[in-house]
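First comes the structure, then the notes that go with it.
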Amino acid sequence: MTSDRLDRIRLHGDVPEHVAVIMDGNGRWAAERGLPRHLGHREGMKAVLETIEGALEAGVGILTLFAFSTENWQRPYQEVSALMKLLELYARKERDELARQGVEVHVLGELDRLDEVARRAVDSIVTETKGGSKLRLNLTISYGGREEIVRAAKLLSERVRAGELRAEDIDEEALEESLFTRGLPPPDLLIRTSGEYRISNFMLWQLAYTEIYITPVFRPDFTREHLFEAILDYQRRDRRFGRVVAP
């Protein structure tokens, strides 16, 4: 059955090229049901494929999901361990289906902090989906926006020290080329689930003019229909990028 929201998206035609999602609310979803937090994370992971398939149906070109932040390493060991196991399970279970659907997976973040098993899982899903042409899926793991900018500054300083770049030539383009997202357009639309009004150290440089959509829906309950509603809201906005439109 065709979705009415999807029909309206296609009728309008202005689909965001790059959608980013802060996936939040797994723990509260579990708490409301009297369940342990790791079960909330498991249900949230199941909902990821729903978002991916919705992006494919809507014609989104790039989907970036905030999966695990650098701050998340500070959570209790048992919870971090459960999250890493979920990552491994997801990579093994979904890589063939993602490849079949034309999804090319990229993993962005400080991956050297992952243990050997998780790193192998990450490498496998990247390798097995290489060449997918319908959707680029960025999974940000062990990622923080401030850390990304500091890392970029260090890379630029190393280039200056090596004589590859002059300090006076450092500009926005040079910095962007040193980010994890180099070569990608910034997100047109940022969706945050669970109703929180903050960006939580996510893509601080890239979100300068991104449209933000907040939904109270917890991550495990976020369906493709919720994604379609966010895109419809985006289509109703007037993006000026700081400019004034003459009357």
| note | If amide H atoms are modeled at 1.01 Å from N in the peptide plane, then the residues at a separation of 5 or more from Val107, or on another chain, having amide H under 5 Å from its own are Leu139
| task | Pop out the ³J(HN,Hα) list for segment 71-88 in order, Karplus 6.51 cos²θ - 1.76 cosθ + 1.60 with θ = phi - 60°, rounded to Hz; leave Gly and Pro as x. | result | 5, 5, 5, 7, 6, x, 3, 4, 6, 4, 4, 5, 5, 5, 5, 5, 4, 4
| Put +1 on the Cβ of every Lys and Arg and -1 on every Asp and Glu Cβ in segment 24-235; which of Thr140, Leu156, Tyr234 then has its Cα farthest towards the positive end of the dipole? | Thr140
| request: Please turn the phi angles of segment 93-108 into ³J(HN,Hα) values with the Karplus equation 6.51 cos²θ - 1.76 cosθ + 1.60 (θ = phi - 60°), one per residue in order, whole Hz, x for glycine and proline. | output: 6, 9, 4, 5, 5, 4, 4, 4, 7, x, 9, 9, 8, 10, 10, 10
| remark: Listing Leu6, Leu111, Leu139 by rising number of other beta-carbon atoms within 10 angstrom, fewest first, gives Leu111, Leu6, Leu139
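Every number here is computed from the coordinates shown, using simple stated rules; none is lab data. The model shown is predicted, which means the values in this text are computed figures rather than measured ones. Virtual Cβ from ideal backbone geometry, glycine too; neighbours counted across all protein chains shown.
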